[in-house]
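One structure is given below, encoded as structure tokens.
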Amino acid sequence: METDLSRVTLRPFSLTDAHDFLRWASDVRVTGNLRWQTFTSEEEALVFIRDVCLPHPWRRSICIDDRSIGFISVFPETGDDRFKAHIGYGLSHEYWGKGIATRAVSIAVPQVFNDLPHVLRLQAFVQTQNKASQRVLEKVGFQREGLLRKYSYVKGEIHDVFVYSLLSSDLLPLP
């Protein structure tokens with residue numbers, strides 16, 4: 001069944017998201033490319049939302065009908081590098097391949113540049129085997145800039161990654 005992409009929204013996390021959060025954050029298919037571990041209890045999810053998501057400078061829940069099905073996080077740099085920020089995201093496995101991640105990132109990008117006007121460059125580091133995430137970024141208008149060999153340490157392994165960027169001055173495709 002096709003998902004109506006107009007139902008995809010972004011909003012800050014809430015403590016009431018713990019149950020829905022656990023549904024996708026307990027799935028190793030979702031967390032396999034993330035630096036954080038797979039969650040095993042609603043209590044862990046609640047603590048993570050309270051201690052990490054809520055105080056985060058720019059972390060949003062990807063929602064359908066206001067139910068959390070994933071996340072987008074933007075990590076602004078500081079000091080002389082404050083013009084850059086890193087973007088990352090994850091989505092419940094049941095929604096993969098339906099255009100939802102692309103829709104969510106396309107909603108997030110203009111919000112990030114609006115909310116963080118000092119950020120001129122959004123960048124993403126994507127493991128070379130994660131073709132779906134590469135397609136998401138390319139559809140939204142990110143440019144692949146190059147390969148960083150043996151660059152990222154995730155869950156005990158060192159990975160090659162592609163670096164992608166989107167500048168605030170780049171033209172964005174319509175969401």
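Some points to look at:
- Some residue of the stretch 5-16 being among the hydrophobic types (A, V, I, L, M, F, W, C), outside any loop (DSSP other than H, G, I, E, B), open to solvent by less than 10 Å² (accessible area, probe 1.4 Å) and over 21 Å from Leu166 (Cα atoms): yes
- Search result, residues across the stretch 26-43 that are surrounded by 15 or more Cβ atoms within 10 Å (Cβ to Cβ) and touching a residue at least 40 places away in the same chain (Cβ under 8 Å): Asp27, Val30, Thr31, Asn33, Leu34
- Scanning the stretch 64-88 for residues that are touching a residue at least 40 places away in the same chain (Cβ under 8 Å), out of contact with any Pro (no Cβ under 9 Å at 6 or more places or on another chain) and open to solvent by less than 40 Å² (accessible area, probe 1.4 Å) yields Ile64, Ser68, Ile69, Gly70, Phe71, Ile72, Gly88.
- Here Leu174 clears all of (1) under 18 Å from Leu34 (Cβ atoms); (2) at pLDDT below 95 except the condition numbered (1).
- Applying the condition of being in contact with a helix residue (DSSP H, G or I) (Cβ under 8 Å, 6 or more places away or on another chain) and of a type in the set (Gly, Ala, Ser) to the stretch 89-115 and asking which residue is surrounded by the most Cβ atoms within 10 Å (Cβ to Cβ) yields Ala101.
- The number of residues in the stretch 24-57 that are in a loop (DSSP other than H, G, I, E, B) and either among the basic types (Lys, Arg) or on the phi > 0 side of the Ramachandran plot (or both) comes to 1.
The values are calculated or read from the model by the stated rules, or taken from the named source; none is laboratory data. Keep in mind that what you see is a predicted model, and the values were worked out from it rather than measured. Ideal geometry is used to build each Cβ from the backbone, glycine not excepted, and the neighbour counts take in all protein chains shown. Remember, those area values only see protein heavy atoms, side chains included, never the ligands or the DNA or RNA. Shrake-Rupley method; radii C 1.70, N 1.55, O 1.52, S 1.80 Å.
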